[in-house]
Amino acid sequence: MRRHQSQVRNFLRKLSRDYVLAGDLAQDAFLHAWNKLHTLSGKGSFIGWLLKVAYTTFLQSKRKSNRYDDIIQEVGVDADAHGGRHTEHSDEISDLDRFLAVLSEEERAIMILSYACGLSHKEIGDAAGMPIGTVKSIIFRGKEKVRERFGIEDHKYG
C-alpha cells in the first residue's frame, strides 16, 4: 500500500476531481484489492491490476452518486464563467482539467492511465479490460478531440 498509494490517489483525484472523494475511493480500492488479492494471476503488472481495482471502485461510486456529473459539468461549461476558478471543489481549474473535461469518461480514464500514471498500452489494456489496439485508438481519438477543441496544432510533422 505504501508503495502505490500516491499513484492510486492521484489517479482517482484526476478521475473524480475531488480530493476528499479520491482519498475515500483510494481507501475503498485498497480494501477491495486486499479482498481480491487471490484474483491476481501474475500476468501483467501489479500496479496495472491495482489501478483496475481502483477504476472499478470509482465506477461503482459514480453509479451511486450524481455529484461526479455536476463536477464535470462545472469544469467543462462554467470554467470561463468562473474566471478559471471552481466554486467549492478546488482552488483552480488547470489546463489538464479543461482538456480532460472534453473527453468521455472512458477516454479520460485511458488518458490518465497513460500520461499521468505512465502505464504502457498493455498495462492500460489489462487495467481497463481492453485490447491494446482499442487503447491506442482511444488515446489517438482523445488527443485529436483535445487538439480540435482547443485549436492545438500537431507540430510533429513540421
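The values are calculated or read from the model by the stated rules, or taken from the named source; none is laboratory data. Remember, it's a predicted structure, so these values are computed and weren't measured experimentally. Quick reminder, even Gly has a Cβ in these numbers, built from the backbone with ideal geometry, and neighbours come from all protein chains shown.
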Options H82, H86; residue that is more than 24 Å from G118 (Cα to Cα), surrounded by fewer than 17 Cβ atoms within 10 Å (Cβ to Cβ) and either modelled with pLDDT under 90 or within 13 Å of the chain's Cα centre (by Cα) (or both):
H82
Would you tally the residues in region 33-71 being at pLDDT 85 or above, among the hydroxyl-bearing types (S, T, Y) and surrounded by fewer than 20 Cβ atoms within 10 Å (Cβ to Cβ)?
1
Unmet requirement for A109, which otherwise passes all of (1) in a helix (DSSP H, G or I); (2) among the hydrophobic types (A, V, I, L, M, F, W, C); (3) surrounded by fewer than 20 Cβ atoms within 10 Å (Cβ to Cβ):
(3)
Residues of region 7-22 being surrounded by fewer than 17 Cβ atoms within 10 Å (Cβ to Cβ) and within 14 Å of the chain's Cα centre (by Cα), in sequence order, are N10, Y19
How many residues are more than 14 Å from the chain's Cα centre (by Cα) and within 20 Å of R13 (Cβ to Cβ) when one looks only at region 124-158?
1
Quick one: what pairs do we get from region 5-20, first residue farther than 10 Å from C117 by Cα, second β-branched (V, I, T), C-beta under 6 Å, 6+ apart or different chains?
K14/I112; R17/I71
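Would you say F30 is aromatic (F, W, Y), surrounded by 15 or more Cβ atoms within 10 Å (Cβ to Cβ) and without any contact (Cβ under 8 Å) to a residue 60 or more places away in the chain?
yes
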Only residues in region 138-155 that are closer than 20 Å to A109 by Cβ count as the first member; pair them with residues that are among the acidic types (D, E), Cβ under 7 angstrom, at least 6 apart or cross-chain, and list the lot.
I138/E106; I138/E107; R141/E107; G142/E107; R147/D154
